[in-house]
């Protein structure tokens, strides 16, 4: 029955294997990865299982895993088949934050301007990432010392960018960029 599945022949059409197939159970252990996709592995449709393995065996931000090994067993006696596959992998540590904040603290003896922007991501009905660009309402305003503010950032913020400029008082370079940081990571601090 398993061989028929591998060759792409449906066992449902073959009377010889139909009873074996219908009485068979399948057990799947999925470690890591995208639970939404891997929940589909609970099926007797071998083509669906094969597609899940093929389509999700790639490391990405939506699928933070990589296949370590697959083991196949024979249906007739549950003996391990001589099919083994493994791969090298890189361990990735992820930290999840419920929110973050950015503190702007200007103590210099000059006029400063700040520009802070970020993208908030969400997903549409098809699972495709949707980015919404956001900016701080205080962008581009002149700030004198001592200026201090805290900008709350949601946990789904990314592409955080901070630009700080100082007014030099020089006719040939009135504004000088002193900070231009892109992709600032979210932290608890």
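Derivation of every value follows stated rules applied to the coordinates shown; laboratory data play no part. Predicted model only: the values in this text are computed from it and were never measured. Cβ: placed from backbone, ideal geometry, glycine included. Neighbour counts: every protein chain shown.
Treating r as the C-beta distance of residue 135 and residue 90 and R0 as 35 Å, the FRET efficiency rounds to 0.50. Net length available on complete extension from residue 126 to residue 103 is 4.7 nm, with 0.36 nm assigned per residue and the Cα-Cα distance removed.
Annotation: the residues 146, 106, sorted from fewest to most other C-beta atoms within 10 Å of their own C-beta, follow the order 146, 106.
How high is the FRET efficiency between residue 78 and residue 161 when r is their beta carbon distance and R₀ equals 45 Å, given to the nearest 0.05?
Values: r = 56 Å, r/R0 = 1.25.
The computed FRET efficiency comes out at 0.20.
For the stretch 99-182, dividing the convex hull volume of the Cα atoms by the residue count gives 92 Å³ per residue. Using R0 = 22 Å, the C-beta based FRET efficiency linking residue 171 and residue 145 works out to 0.45.
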